1. Taking the stretch 3-27, which residues are out of contact with any strand residue (DSSP E or B) (no Cβ under 7 Å at 6 or more places or on another chain) and over 19 Å from residue 103 (Cα atoms)?
2. What number of residues within the stretch 60-81 are in contact (Cβ under 8 Å) with a residue 24 or more places away in the chain, at negative phi and out of contact with any strand residue (DSSP E or B) (no Cβ under 8 Å at 6 or more places or on another chain)?
3. When the stretch 68-90 is examined, which residues are found to be within 25 Å of residue 115 (Cβ to Cβ) and assigned to a loop (DSSP other than H, G, I, E, B)?
4. Please go through (1) under 17 Å from residue 4 (Cβ atoms); (2) surrounded by fewer than 16 Cβ atoms within 10 Å (Cβ to Cβ); (3) modelled with pLDDT of 95 or more for residue 95 and return the number of the only condition it doesn't satisfy.
5. Looking only at the stretch 67-82, how many residues end up being surrounded by fewer than 12 Cβ atoms within 10 Å (Cβ to Cβ) and closer than 24 Å to residue 19 by Cα?
6. So which residues in the stretch 52-63 are surrounded by fewer than 21 Cβ atoms within 10 Å (Cβ to Cβ) and in contact with a helix residue (DSSP H, G or I) (Cβ under 7 Å, 6 or more places away or on another chain)?
7. Taking the stated definitions as given, is residue 115 exposed (fewer than 14 other Cβ atoms within 10 Å of the Cβ), under 22 Å from residue 13 (Cβ atoms) and in contact with a strand residue (DSSP E or B) (Cβ under 8 Å, 6 or more places away or on another chain)?
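The values are calculated or read from the model by the stated rules, or taken from the named source; none is laboratory data. Worth saying up front: this structure is predicted, and the values here are computed from it rather than measured. Cβ: placed from backbone, ideal geometry, glycine included. Neighbour counts: every protein chain shown.
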């Protein structure tokens with residue numbers, strides 16, 4: 001699957017409607033972003049069941065601000081509408097492949113249980 005560009009209008013729906021969504025926050029002026037783009041595109045073609053999305057921080061400043069993006073590229077991964085990975089910097093192809101495998105292997109029942117437990121502990 002090729003990468004998709006996300007905007008303010010499409011971001012939440014894309015995250016909500018898909019099991020796993022990777023989001024690459026980037027900008028045209030960013031050298032490391034240009035190094036990462038072909039790695040990201042290549043990996044997207046290996047995983048038809050995963051959405052590989054991109055957010056151009058120049059044309060979508062509100063999204064970049066909402067996620068407190070301070071350096072780019074920043075990669076975020078959402079699974080079942082939960083942010084499960086957030087890291088700035090370029091990932092080599094092998095590391096990106098490994099990350100996708102780890103996200104697919106997550107026990108989301110356990111993740112949701114931990115979130116609920118955390119919310120109960122901090123509700124007081």
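1. Taking the stretch 3-27 as the starting set, the residues that turn out to be out of contact with any strand residue (DSSP E or B) (no Cβ under 7 Å at 6 or more places or on another chain) are 7-13, 16-17.
Result: 7, 8, 9, 10, 11, 12, 13.
2. Here is the first cut: in the stretch 60-81, the residues in contact (Cβ under 8 Å) with a residue 24 or more places away in the chain are 60, 62-64, 67, 69, 72-81.
With at negative phi added as a condition, the list becomes 60, 62-64, 67, 69, 72-79.
Subsequent filtering for residues that are out of contact with any strand residue (DSSP E or B) (no Cβ under 8 Å at 6 or more places or on another chain) retains 60, 62.
Total satisfying the criteria: 2.
3. 68, 69, 70, 80, 81 - these are the residues of the stretch 68-90 that are within 25 Å of residue 115 (Cβ to Cβ) and assigned to a loop (DSSP other than H, G, I, E, B).
4. (1)
5. Let us first name the residues in the stretch 67-82 that are surrounded by fewer than 12 Cβ atoms within 10 Å (Cβ to Cβ), namely 68, 70-71.
Those still in the list that are closer than 24 Å to residue 19 by Cα too: 68.
Qualifying residue count for the region: 1.
6. 63
7. On the way: exposed (fewer than 14 other Cβ atoms within 10 Å of the Cβ): yes; under 22 Å from residue 13 (Cβ atoms): yes; in contact with a strand residue (DSSP E or B) (Cβ under 8 Å, 6 or more places away or on another chain): yes.
When the stated conditions are applied, residue 115 passes them.
Conditions tested, residue by residue: (1) under 27 Å from residue 108 (Cβ atoms); (2) modelled with pLDDT of 95 or more; (3) assigned to a strand (DSSP E or B).
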| site | (1), (2), (3) |
| --- | --- |
| 21 | yes, yes, yes |
| 24 | yes, yes, yes |
| 29 | no, yes, no |
| 33 | no, yes, no |
| 39 | yes, yes, no |
| 46 | yes, no, no |
| 49 | yes, no, no |
| 52 | yes, yes, yes |
| 55 | yes, yes, yes |
